[in-house]
Structures are given as C-alpha cells and as structure tokens.
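The values are calculated or read from the model by the stated rules, or taken from the named source; none is laboratory data. Owing to the predicted nature of the structure, the values given are computational and were not obtained by experimental measurement. With ideal geometry, Cβ positions are generated from the backbone for all residues, glycine too; neighbour counts draw on all protein chains shown. With ligands, DNA and RNA removed, areas are computed over all heavy atoms of the protein, side chains included. Shrake-Rupley method; radii C 1.70, N 1.55, O 1.52, S 1.80 Å.
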Amino acid sequence: RIRFLLADDPGAGKTIMAGLLLKELKYRGLVERVLIVVPGHLKDQWLREMKEKFQENFSIIDRIVMAAEWGKNIFTDRNQVIISMDFAKQDDVMFALKDSKWDLCIVDEAHKMSAYKYGQKISKTQRYTLGELLSPLTTYLLFLTATPHRGDPENFRLLLDLLEPDFFADISMLSESFQNKDNPLFLRRLKDDLKDFEGAPIFPPRVVKTVKYYLSNDEKNLYNAVTD
C-alpha cells in the first residue's frame, strides 16, 4: 500500500501530482472511493482542477449538505468527496466518518495536523486527532505539504506517525533515515528538479542581485518614519 508525504515547493503542482496518482491507481483497478481533505479556502480549487485536468467529479461536503442528508451517512453514500479539514475535525462529522472506508485519502496542507511532545506528554490538536481517525480508514494515504518539518523533529515524527504508526520510534531513527536518504515515507520535489519531456528545466533559474537606488529627502523621511 502507498503511504507517503510529498513535500513540494509552493506552486510546483501538488494537485497535479495527486491527480496523477489517483488516475494511475484507478487504471490499475485499485481505487474507487476517494476522500480529499483540504483547508476550507482550497475546496473549490481542488474540485475544479480534478474536473478540468483529470475528468474526475467530486462532491464537496459541508454543513449545509450534511444537514440536507440528515438521517443518512453521507460519507458512505458518495464515492468521491472533498471536505475541509476544520469541518471534518468536528465531533459529529468524525462520528460519521468513522463508519466509512476509503481506497485513497489525500490530505493537502497536511502539516496542519500537528501534535507536540512536552517531556513525556503529547499534546494533540483536533486536526491531528482527525488524522488518527482517517489513517486506518484508508488503504492509500497521501500527505501534501510545502512545509513538512518546521524546525521541530518531534512534531515531524508525529506527523509521519499518522502515515505508519510507530514506524520511527524516536527522532534519532528519523534523523538517521534522512542522513542515509532512505526514508520510505518522505518524498521531496523541488522546482529545480522539474523537467519537460526534452529534459529542459520547466522553471527558469532564479538570479538574485542587489540593485542600488537613491532616496529623495521625502522618501528618506517616510522610510525613517515607518521604521520608527
């Protein structure tokens, strides 16, 4: 089964990579039921791009839709669903989700499902608890994020724990896997690595240089006032 975290440069095409994986698994006859969990402001973007680029029709489930289907479990009635992370973390929604099964679950901005360790105590956010619920409900699980680590190794280990519980027992094992470049749960894609079919870079090189300029007296006064 496929379970990994894909770390992309911002704008490098997370929806495209997710869509390609979705289509490949469908062509192999491995996926029928798909759940996509995203930040609320990205629901329409995912709906549009899955339709326009991959001819995949999804339903957005929110409070209004759920209320209209009162008495039914909407997550067992529909095969392709997009839902916001903050709506999904609510108790009644999680209660309905726990009775569902999915072939593929895609989570965008997965780093928002965070947990933190203080001494021997682990503090879990509601979003992290949602991740714990979803992980055993799906066969294939894909996390997408441009900021997977955020400078906290234990936070990162707990995020990977949602993909494969107890795969890394502690941060020393996680650190060793990165040093040996053999972390099977983590895939990083950078814009510099993206090539077209002829092998040419898709994104032009980034050139940084300092341009000198001179301020007028009024501009200096404004700059100093803003600085103060």
(request) Scan the range 25-60 residue by residue and report those that are in a helix (DSSP H, G or I) and of a type in the set (A, V, I, L, M, F, W, C). (result) LEU25, LEU42, TRP46, LEU47, MET50, PHE54
(message) Being over 22 Å from GLN126 (Cβ atoms), modelled with pLDDT of 95 or more and open to solvent by 50 Å² or more (accessible area, probe 1.4 Å) is the requirement here; does GLN80 meet it?
(response) no
(message) Looking only at residues that are open to solvent by less than 10 Å² (accessible area, probe 1.4 Å) and modelled with pLDDT of 95 or more in the range 49-74, which one is nearest to PRO136 (Cα to Cα)?
(response) ILE61
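Residues that are modelled with pLDDT of 80 or more and open to solvent by less than 40 Å² (accessible area, probe 1.4 Å), at least 1 per element: which helices (runs of 4 or more DSSP H) completely within the range 127-228 meet that?
Details: elements: 153-163, 171-179, 217-227.
Result: 153-163.
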(request) Please go through the range 22-52 and pick out each residue that is farther than 22 Å from LEU133 by Cα and among the basic types (Lys, Arg). (result) LYS23, LYS26, ARG28, ARG48, LYS51
(request) Output the number of residues of the range 59-81 satisfying the condition of being within 12 Å of ASP92 (Cα to Cα) and in contact with a Lys or Arg (Cβ under 6 Å, 6 or more places away or on another chain). (result) 0
